[in-house]
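Right, one structure below, let's go through it.
Values quoted throughout were computed directly from the atomic coordinates according to the rules given, and no laboratory measurement underlies them. Source: prediction; values computed, not measured. Here Cβ is always computed from backbone atoms with ideal geometry, including for glycine, and neighbour counts include all displayed protein chains.
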Amino acid sequence: MNTKIPIMVYSSSWYDKKYDVERSCGAVDLSNDKAATKELLDNSSHYFLISYKIYD
C-alpha cells in the first residue's frame, strides 16, 4: 500500500498557441496518462495537486 492517489488538479490558465485560445484544463484521465499530466502541469504557471494516501 502506502500509495499516493491524485484525485484533482486545480491549475492556472495559459495561452495555447496551437489553437489560439486561453486554456486551463486537460481532457484526459491524469491518473492513467503521464504525458498529458506532464503537459498540463508544465504549461500551467501555478497549480495545486489534491491527492490522498492509503497507508498499510
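Listed values, structure above:
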| item | result |
| --- | --- |
| Amide N of the stretch 36-54 lying under 20 Å from the label point, which is placed 7 angstrom from the Cα of Tyr15 along Cα→Cβ | 40-47 |
| Range in the chain, longest, excluding exposed chymotrypsin sites (Phe, Trp or Tyr not before Pro) [loop by DSSP; at most 14 other beta-carbon atoms within 10 Å] | 20-54 |
| Kirkwood-type radius of the chain, with distances r between different C-alpha atoms, in Å | 12.4 Å |
| Where a label projected 7 Å from the Cα of Tyr55 along Cα→Cβ would reach, residues of the stretch 1-45 with amide N under 14 Å | 1-4 |
